[in-house]
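Below is one structure, written out as structure tokens; the observations come after it.
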Amino acid sequence: MDKFIIKGGKNLSGCVEISGAKNAILPIMAASLLTKGKSVLHNVPHLNDIKMMAHVLRVIGARIDFEGETMEIDATHASFCEAPYELVSKMRASIYVMGPLLARFGSAKVSFPGGCAIGTRPVDLHLMAMEALNAEITIEHGYVLAKTKKLKGGNITFPKVSVGATANALMAAVLAKGETNIYNAAIEPEIGSLIDFLNLMGANIKGKNTDHLQIAGVKELHPAEMTMIPDRIEAGTFVIAGAITKSPITIKNCVPEHIQILLEKLKETGCEFEISEDSIKVIPAENILPTDIQTQPYPLFPTDLQAQFLALMTLAEGTSRIEDTIFPDRFMHVAELNRLDADIMMNKNAATINGVKSLSGAEVMATDLRASAALVLAGLAASGQTTISRIYHIDRGYERIEEKLKKLGADIKRIKG
Ligand code: EPU
């Protein structure tokens, strides 16, 4: 297993370019299964989760060519309606094939995702949505079996906001007979981008960026070509890199509006920004002020930036509180940050962080994707050397992060395992 060795305390400068958004691309790849023919996706980064989804689609029978940043998905010969345990257990997002397979073939067999480092993460809302669209669900031997003679439009009211269940419901409803209404839908930019792709395929979805989506089912879809949106979580991570290392770096190829809440919170810590349509320049604070956050669905503070923001708060002048209401157990990074001399205490789903004057390098272990990013940020600010093991987690969702950081002047090295 690869490791990162970071010699902290360096000032960063220059620009970093943001890659395409993993969490927007994964459902769009699955949506390509909805029709015969070749869909083309641009601005696709080489991430392990994306390669894993490509593998899931290949098992189903799709042909995938991935060169440079362009991915072609030809689902003409897709026929095997199954996502097996070996793949789903490695990547939960494999469940995204359920909606498209049901819609196109009337059947899907998807392994129940197992445990996950950030919490229990049930899939009941995905199943509820499929049932509302006339699918019959049974559970056998660790697999969800979904079947239908024909999906029919229906009303789906989600009791809580779910990005994944909204995406699956959309992908099933586009080919259902009649109209579907989704209430309390997720409004994350990744859902907006899936709606754009489905509408390019010939679907009829109204209500983008609102929590009420109306879908008029169509008889068939056709392949589409689209450029993927920039990754707001990668952008946010680099903005925090500027803040924590007190460096005036510029984040390019991003959509500042997608991380407005992060920028507002960072302003409370003393940071300023120069913002254009697609770039953010960080004007860092000399002294980092404490502030509290609570994660919530978009447009409020994203759980996917909680760990990174927490890393920043370890160096604030005072006490801050960070609560995660989406994934209450997503705090594995806390024990690791404390190994770097941070002072963090946990109480249920909230961390109280007493800011310290400095962090000091140590050996730490990455436990999940965003936790790894938090450790990298802390390592950049810590004095001395930080060694982060199990960085395969970070390769799931950050493209060449060490190269991007090195270009900004960081002293970070990947040691091959
Ligand atoms: N939930 C249920 N039942 C369900 C589905 C979700 O109770 O059937 C709960 C979850 O346990 C959680 C809440 O609903 O408490 C929201 O979960 P959601 O379904 O929105 O999460 P997800 O679709 O599984 C996506 C991202 C996550 C991100 C969350 C929240 C992808 C592939 N994953 O997960 O990203 O944290 O939305 O924004 O899009 C990451 O990139 O590091 C990551 C974990």
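Under the classification rounded if a/c is under 1.5, otherwise prolate if a/b is larger than b/c and oblate if not, where does segment 1-157 fall, given a ≥ b ≥ c as square roots of the Cα gyration tensor eigenvalues? Prolate shape, in that a/c is at least 1.5 and a/b is the bigger ratio.
Look at where the Cα atoms of segment 54-82 and of segment 157-179 average out, and the two centres are 23 Å apart.
I'd like the FRET efficiency for M1 and K51, computed as 1/(1 + (r/R0)^6) with the beta carbon distance as r and R0 of 22 Å, rounded to 0.05. Intermediate values should be presented prior to the final figure.
Values: r = 17 Å, r/R0 = 0.78.
For R0 = 22 Å, the calculated efficiency reads 0.80.
Under 5 Å between amide hydrogens, built in the peptide plane, is the criterion, and for G217 it picks out G178, E179, T180 among residues at least 5 positions away or on other chains. Angle check, please: helix 189-200 long axis (alpha carbons) against the longest principal axis of the chain (alpha carbons), in degrees 0 to 90, nearest 10. Long axis of 189-200 versus the principal axis of the chain: about 30 degrees. The separation of segment 113-138 from segment 228-280, counted between C-alpha centres, amounts to 34 Å.
If you bin all the Cα-Cα distances of the chain at 20 Å, starting from zero, the percentages per bin are 28, 55, 17, 0. When both bridge partners sit in segment 140-276, DSSP labels roughly 70% of those beta bridges antiparallel.
Based on DSSP H runs of at least 4 residues, each adding -39500 (n - 2.57), what is the mean residue ellipticity at 222 nm of the chain after dividing by all its residues, to the nearest 500 deg cm²/dmol? It would help to have the intermediate numbers written out before the result.
On the way: 14 runs with 129 residues, N = 417.
Per the formula, -9000 deg cm²/dmol.
Can you give me the distance in nm between label points at M346 and T120, each placed 7 Å from the Cα along the Cα-to-Cβ direction? So the label points at M346 and T120 sit 1.7 nm apart.
Once the piece of chain linking K357 and K219 is laid out straight, how much longer is it, given 0.36 nm per residue of separation minus the C-alpha distance between them? Intermediate values should be presented prior to the final figure.
Working: separation 138, 0.36 × 138 = 49.68 nm, distance 6.24 nm.
Going from the current span to full extension adds 43.4 nm.
If R0 equals 41 Å, the separation of the Cβ atoms of H212 and Q294 corresponds to a calculated FRET efficiency of about 0.95.
Restricting the trypsin sites (Lys or Arg not before Pro) of segment 324-399 to loop positions (DSSP other than H, G, I, E, B) with no more than 11 neighbouring Cβ atoms within 10 Å leaves K348, K357.
At what distance in angstrom do the alpha carbon centres of segment 1-46 and segment 325-359 lie from each other? For segment 1-46 versus segment 325-359, the Cα centre distance is 27 Å.
Can you give the extra length, in nm with one decimal, that the chain gains between R321 and T138 once fully stretched, where that is 0.36 nm per residue apart less the Cα-Cα distance? Result for the pair: 61.6 nm of gain on full extension.
Ignoring ligands, DNA and RNA, what percent of the accessible area of the chain is carbon or sulfur (1.4 Å)? Don't skip to the answer; put the middle values down first.
On the way: 8090 of 16560 Å².
Whole-percent figure for carbon plus sulfur exposure: 49.
Estimated at 0.36 nm per residue, the fully extended path between D65 and C15 surpasses their Cα-Cα distance by 15.0 nm. Anisotropy class assigned to segment 17-89 is oblate, per the alpha carbon gyration tensor with a/c at or over the 1.5 cut-off and a/b no larger than b/c. Here's the picture: charge each Lys and Arg Cβ at +1 and each Asp and Glu Cβ at -1 in segment 202-289, and of I229, I240, I283 the one pushed furthest to the positive end of that dipole is I229.
Might you tell me the accessible area per residue for the chain, computed with a 1.4 Å probe and given in Å²? Write down the numbers at each step before the final one.
Working: 16560 Å² over 417 residues.
In whole numbers, the chain has 40 Å² accessible per residue.
Here the dipole of the chain is about 800 debye; that uses its Cα centre as origin and unit charges on the Cβ of Lys and Arg (positive) and Asp and Glu (negative).
The values are calculated or read from the model by the stated rules, or taken from the named source; none is laboratory data. The model shown is predicted, which means the values in this text are computed figures rather than measured ones. Cβ coordinates were reconstructed from backbone atoms using ideal geometry, including for glycine residues, and neighbour counts include every protein chain displayed. Heads up: the accessible areas ignore ligands, DNA and RNA and are worked out on the full protein's heavy atoms, side chains in. Shrake-Rupley method; radii C 1.70, N 1.55, O 1.52, S 1.80 Å.
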